[in-house]
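Heads up: the structure comes next, in C-alpha cells.
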Amino acid sequence: MLSDFALSDEQRFVWETTARFAQERVAPDAARRDHEHRFPFDLVSELAQLGLLGVKVPVDDGGSGADMTSYVLSISEVARACASTAVTMAVSNLVADILSRFASPAQKQRWLVPFLAGKMGPASFALSEPSSGSDAAALRMSAVKDGDAYVLNGSKQWITNGTHASFHLLFARVVDGPGPHPTGSKGITCFIVERGAKGLDAGTEEKKMGLRSSNTAQLHLTDVRVPLANVIGEVGKGYAIALSGLDTGRIGIAAQALGIMEAALAEGVRYAKERKAFGKALSEQQATQFAIADSRCELEQAWLLTLRAAADRDRGAERTAKASSMAKLFATEACGRVVDRMLQIHGGYGYVEDYPIERLYRDARVTRIYEGTSEVQRLVIAREVLTG
Ligand code: CAA
C-alpha cells in the first residue's frame, strides 16, 4: 500500500530503516516478552540510538527532525512487529514533542536532550486519574506553591511507562490551599516529576489483557516537592498543552493500529493459504475471501485518513484535532474488526497462544481506549464539524 504513495527520500529512509530494525530486533522476541510480561529496556535504548524517541523533534533539540508522515511510518512498522514496544515509543514521542514545543532552552538541555540520546530510559505522560479519564479536566491532583517549589498531592492512573520512567510529564491543578478548588481547565499546569522524588510511589503495575510487555502503572504522590524550575510552559496553561500533545499523539495511536492491522492481515492470509477445509484451502472459499477483502479495504481507508492527518501537520497546521481524531477513531475501530475477522479465519487455533493472532487480538483492544476513547474522538469530531 505504502509503495503507492509518493514518499520523499527522507520518509522512505525512515520507513525502511525502522522496518528493518523492527523485523530484525523487535519482532523475534515479541511473543516471549508478552508471555513473560517483560519490558524491553534494551529496545528503548536502541530506539533512542535510531532517533525514534523523538522522530519529529527538531535536530537542535536532540531529535531526528523528520516529519509527521515519517513518524506514522515508523510507529506502524514497530507496531507490526510488537504493539507493546510501539506504545512505549509512542508515549516517548508524545513527551518529547511537548517538551520540544513548550519547554525552555534550559529545560530542554536538562531533560529532552539526554532523554532523546537514550541516557535516561523511558518517560511518561501522566494526565489520567482514578476518577478522571475521558473527563481529563476534572483532574484532582493538587499543586500548592511553597517557597521555591510546588507541593503535589494525588494519584495518576493508567500511566504508560509509569514504573520505569526517568521522569513524568505530569498534569496537576495549581490551587491556593485545601479548597474549594477551581474546576475545568483552570489552574491545570504541566510539571516534570523526576523518578525518585520523595513522596512519589510509582510501584503498582497493572496486569493487562494485552500490551503485556509495555508497562502501565499507578502513581501516588504524597507531598512531593517539585521545583518551580520544573514547570513546563505557563502556570495554568497545562490543559491546552496536554490536548495539543494529544493532537499528534492520536495520529501515533492510529499508526499503531495500522501496524497491528498489517500484521493481523498477513497472519490471516498466511493461515488461509495453508489450512484446508472441505477439500480446499480456506483462501479458496468465499467466506474467507470476503473477510480478507473487507479487511484490506478498511486497512487502506485507515492508511488514507492517518496519512492525511500527518500531511496536515506536515503542511504546518498548528491544530489538527478533527483530522487526528478521525484517523484514530477509524483506524482503531477498523483494527478491532480486522483482528476479529483474522482470528475467526484461524478458528480454534486463533484462540490459543501458538499463533500470533491471539496476541494481536488482545493488543488491538486498548487502541480504542487510550489517548482518548472512540467516544471522545467522536465528541471532538462532532464539535469541530458543528462549529467549523
Ligand atoms: N490543541 C490546543 N489547545 C486545545 C485543544 C487542542 N487540540 N483542544 C482544546 N484546547 C484548549 C482550548 O482552547 C481551551 O483553552 P482555554 O482553557 O484557554 O480556553 C482548553 O484547551 C479547554 O478546551 P475544551 O473546553 O475544548 O476542553 P474540554 O474539557 O471540553 O475537552 C475532551 C473535552 C475533548 C473530552 C477532552 O477532555 C479530552 O480529549 N479527553 C480525553 C483525554 C485523553 O485523551 N486522555 C488520554 C490520556 S493519555 C494516554 O492515554 C497516553 C497513554 O498512556 C497511551
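The values are calculated or read from the model by the stated rules, or taken from the named source; none is laboratory data. Computed from a prediction, not measured in an experiment: that's the story for all the values here. Every residue, glycine among them, receives a Cβ derived from its backbone with ideal geometry; neighbour counts consider all protein chains shown. These accessible areas exclude ligands, DNA and RNA; they are computed on the full protein's heavy atoms, side chains included. Shrake-Rupley method; radii C 1.70, N 1.55, O 1.52, S 1.80 Å.
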**OP:** Would you mind putting 34-43, 21-30, 257-266, 361-370 in packing order, based on average other-beta-carbon counts within 10 Å, highest first?
**Re:** 257-266, 361-370, 21-30, 34-43
**OP:** Please identify, among Gly203, Gly347, Gly252, the residue showing maximal mean-square fluctuation in a Gaussian network model of the chain using a 10 angstrom Cα cutoff.
**Re:** Gly347
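Quick one: in segment 28-132, what % of C-alpha pairs are over 21 Å apart? It would help to have the intermediate numbers written out before the result.
Working: 1914 of 5460 pairs.
Looking at segment 28-132, the distances longer than 21 Å represent 35 percent of pairs.
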Original post:
Relative to the longest principal axis of the chain, what angle (0 to 90°, nearest 10) does the C-alpha long axis of helix 286-314 take?
Top reply: 30 degrees
Original post:
With a sphere of radius 10 Å drawn around the Cβ of Gly245, what net charge do the other residues whose Cβ falls strictly inside it have (Lys, Arg +1; Asp, Glu -1)?
Top reply: -1
Subject >> FRET efficiency estimate (nearest 0.05) - Cβ-Cβ, Tyr349 to Gln301, R0 30 angstrom >> reply: 0.60
**OP:** Would you work out what percent of the accessible area of segment 239-387, with all protein chains in place, is carbon or sulfur (probe 1.4 Å)?
**Re:** 55 percent
Original post:
Hey, can you rank 46-54, 192-200 by average C-beta count inside 10 Å, highest first?
Top reply: 46-54, 192-200
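Per residue, how many Å² of accessible area does segment 183-316 show with a 1.4 Å probe?
Numbers: 5990 Å² over 134 residues.
Using a 1.4 Å probe on heavy atoms only, each residue of segment 183-316 averages 45 Å².
For segment 297-356, which GluC sites (Glu not before Pro) pass both filters: DSSP loop (anything but H, G, I, E, B) and at most 14 other C-beta atoms within 10 Å?
On the way: sites: Glu298, Glu300, Glu318, Glu333, Glu353; in loops: Glu318, Glu353.
Taking segment 297-356 and a limit of 14 other Cβ atoms within 10 Å, the loop GluC sites (Glu not before Pro) found are Glu318, Glu353.
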Original post:
By how many degrees, 0 to 90 and rounded to 10, does the Cα axis of helix 238-274 deviate from the longest principal axis of the chain?
Top reply: 20 degrees
Original post:
How far, in degrees from 0 to 90, does helix 9-21 lean away from the longest principal axis of the Cα atoms of the chain, to the nearest 10?
Top reply: 80 degrees
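Please compute the Kirkwood hydrodynamic radius of segment 282-334 from all pairs of different C-alpha atoms, in Å with one decimal.
12.3 Å is the Kirkwood radius here.
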